[in-house]
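K.L.:
Before I ask anything, let me first share the structure, which is written out below as structure tokens.
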Amino acid sequence: LGYQCCCVLPKQTPAQMKTLAGQCQQYKAGCGWTKKWSCPGQPRGSVGVAKDEGSLGYQCCCVLPKQTPAQMKTLAGQCQQYKAGCGWTKKWSCPGQPRGSVGVAKDEGSLGYQCCC
């Protein structure tokens, strides 16, 4: 639970996540660009690794890469209810962030990771 909510969306509030889910439903450009510029934590793209410059494409393809629009809406609701917080990322940092005191978290499918990384 902690990993889903603390490593997938570290800069997003639950309200922002809900908004993002709606925006990603409308995002039509696709994620094919990640073959050239891979998302952090994925095998390196042919050109390099993408950085979070605030684009909708990055948010939809790298922040929530495995989620369908319906899953994003569900996840937004779950993250609004997630009470554990993301403080654990100080020990187990999210991929692409400065290394935590213990190491880097891996996406094992928990809600904490989805909501916080």
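The values are calculated or read from the model by the stated rules, or taken from the named source; none is laboratory data. Since the structure is predicted, the reported quantities are computational estimates derived from the model, not experimental observations. Cβ atoms come from the backbone with ideal geometry, glycine included; neighbour counts cover every protein chain shown.
K.L.:
Taking Gly112 as the residue in question, decide whether it is assigned to a helix (DSSP H, G or I) and at pLDDT 80 or above.
P.N.:
Working: assigned to a helix (DSSP H, G or I): yes; at pLDDT 80 or above: yes.
Yes.
K.L.:
How many residues are at pLDDT below 85, outside any helix (DSSP H, G or I) and among the hydroxyl-bearing types (Ser, Thr, Tyr) if we restrict to segment 55-80?
P.N.:
Looking only at that region, the number is 1.
K.L.:
Give the number of residues within segment 21-54 that are in a helix (DSSP H, G or I), in contact with a Pro (Cβ under 8 Å, 6 or more places away or on another chain) and surrounded by fewer than 15 Cβ atoms within 10 Å (Cβ to Cβ).
P.N.:
1
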